[in-house]
Every structure is written in C-alpha cells, then in structure tokens.
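The values are calculated or read from the model by the stated rules, or taken from the named source; none is laboratory data. Here the structure is a predicted model, which is why all the values come from computation and not from measurement. Glycine gets a Cβ as well: all are built from the backbone with ideal geometry, and neighbour counts include every protein chain shown.
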Amino acid sequence: MVTKAKPKRGGRPQTRELAPGERVHLGLRVSPKLKRQLERAADASTRSLSQEVEFRLEESFRLISAEKLLDKSHRHLDEAWYIAEEAGSIIDDIEKDLRAGVSVDKIFSHNALSSPRSARLRMDTLLRRRTNETR
C-alpha cells in the first residue's frame, strides 16, 4: 500500500509567540494623498508614520466602542424615564383615590401594586410594550 506524502503548506512558516508589546508587520497600500496626510499628522504629533497609523486605527476602534456605549446608555435612560413616568402615573392614581376617600387596603387590592411581584410584572409588561412601540 502506497501512502501519499502530505503536500507542503505554502506561505511563511508559523512564527514564534510574540513578547508583550511586540509589533507585527502589516503591509498596507494607501493613496498618495492619504499618505501625505498621515505623514503631516505624524510630524505634528512627533510619532513615526507607523505609530501614527496604529494610533489612528486604535482611536477608530475606541470611538466605535464609545458610540456603542453611548447608544446603550441612551436606551437605558429612555427606559428609566419611561419607568419614572409610569411610577408617577401610578402615584397620581393612588393620590386621586385617597382624596376620593378610598381606603388604602382597597386601593392596593385593586391596584397592580398589591404585591412586589405584580408590580414587577406590570413594569415588565410596560417596558415590553414601550420597546415594541420604538421598533
């Protein structure tokens, strides 16, 4: 029985593990205009051209992460405002009932706030409804 030899892999051989902070080569083609802009920016910041390109790439990823965090924060803030408005509405209803002479026991026996669990379920329902409205 004849066994076939494994074909040699093409390309460079695998490299050793990199030391912390060690850089790797990245070949990159850019337009002459972009290269001039990068060179001017590197001169102004006293960085090498490679350092300037690396700095700008890292900054672009940081900016994307910051935008995602800001967007998530806005969504949470919107939810908090909505919950605050709903809580205010519930408090207004309770105050109206109290002014009308309705007993506290009766208010809370007919109100969604009769137990912490039912209050949480009502808030979850309201949030789901609000989320569906904004989609």
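A few notes on this one:
- Taking each residue of the stretch 43-70 that is of a type in the set (Val, Ile, Thr) and looking for partners that are part of a helix (DSSP H, G or I) and surrounded by 10 or more Cβ atoms within 10 Å (Cβ to Cβ) with beta-carbon atoms closer than 7 Å, six or more apart or interchain, yields Val53/Leu38.
- Test: residue in the stretch 27-36 that is at pLDDT 95 or above and surrounded by 13 or more Cβ atoms within 10 Å (Cβ to Cβ): yes
- The set of residues in the stretch 71-110 being loosely packed, with under 13 Cβ neighbours inside 10 Å, of a type in the set (A, V, I, L, M) and assigned to a helix (DSSP H, G or I) consists of Leu77, Ala80, Ala84, Ile91, Leu98, Val104.
- Residue check, Ala41 over 29 Å from the mean Cα position of the chain (by Cα), surrounded by 10 or more Cβ atoms within 10 Å (Cβ to Cβ) and at pLDDT 90 or above: yes
- Residue satisfying condition, being over 31 Å from the mean Cα position of the chain (by Cα) and on the phi < 0 side of the Ramachandran plot, within set Glu95, Glu52, Glu86: Glu95
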